[in-house]
Amino acid sequence: MKMDIVNDNAAVLVDIPDPKDVTRGVMYRDIGYLEGLAVASRYDISEAGVMTLHTEYDRNSGVERCWFLSDDTRVRVGSSQVMGGVNLVSYSTETRCHEMQDFHALRRDAELRREALMNLDLDAVDLDGARR
């Protein structure tokens with residue numbers, strides 16, 4: 001199966017586990033999320049299987065936690081401090097698609113959800129999600 005990869009979104013990851021404790025290590029990435037530079041992140045994996053990744057950039061820093069719900073699904077939450085002040089928080093659920101048709105079905109579903117959110121009248125919804 002041939003997949004189209006946009007060069008701007010491709011990255012190389014290299015995982016180097018600690019030889020004394022394989023639940024810890026360093027992950028090298030040729031281009032970082034927050035800055036367009038190569039970066040090394042420290043990680044550890046808890047007994048419950050949660051991976052915590054600590055990354056220090058030149059001007060930014062981040063902590064990310066990953067839960068591996070199955071071989072094909074993971075949940076990530078992250079907190080990044082940008083330029084020493086602004087905090088960004090992220091959440092994502094990622095699903096590996098083995099077949100291109102699965103990818104296209106997930107993408108169509110996400111686009112439909114996005115359209116529904118774009119059409120939502122925010123003035124008609126309370127903060128708890130109840131309609132007024």
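Annotations
- In sequence order, calculated HN-Hα J values of region 39-56 (Karplus, 6.51, -1.76, 1.60; Hz; x Gly/Pro): 8, 10, 10, 8, 9, 9, 10, 6, 4, 7, x, 8, 9, 10, 10, 10, 10, 10
- Taking a sphere under 10 Å around the Cβ of Met27 and counting the other residues whose Cβ falls inside, with K and R at +1 and D and E at -1, yields a net charge of +1.
Coordinate-derived values only; no laboratory data. Keep in mind that this is a model prediction, so the values were computed, not measured. No Cβ is skipped: glycine too gets one built from the backbone with ideal geometry, and neighbour counts run over all protein chains shown.
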